[in-house]
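Below is one structure, written out as structure tokens; the observations come after it.
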Amino acid sequence: MIQVVGGIAVGAAAMMMAPSIMPIIAGAFKPVAKTLIKGGLMAYESGMQAVQQTSAALTSTVASTIETIEDLSAEAKAEILESQKAEISESQPAAVKKAKKKAA
């Protein structure tokens, strides 16, 4: 029972003193709050720069990879066409080959 009465007394005293203490407490925590906000903003900006740099590097890498794949694809197509032409010329009869040589 004494603890309950003591708790009520402390609560009542805090309520009466709050209007005079709150400006002091707020004044003490304002610089801390500003520092925390500044730190958060700086971390955000640093994070955004890191994301932009990573994005640029990734875009460059993807573009380079796509170009390499396109080059390899073009080379493979050219090799297939050469192979098909060689097969066709090997399968033609000798008479057709002679006629083509004369025409050329």
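Each reported figure results from applying straightforward, stated rules to the coordinates on display, with no laboratory input. Predicted, not measured: the structure shown is a model, and the values here were computed from it.
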Pairs of lysines in the chain (C-alpha under 26 Å apart; 8 or more residues apart or interchain): 9
0 to 90° range, to nearest 10: angle between helix 2-91 axis and the chain longest Cα axis: 0 degrees
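For segment 1-79, build the convex hull from the C-alpha positions and give me its volume per residue in Å³. Could you put the intermediate results ahead of the total?
Details: hull volume 11.5 nm³, N = 79.
Here the figure is 146 Å³ per residue.
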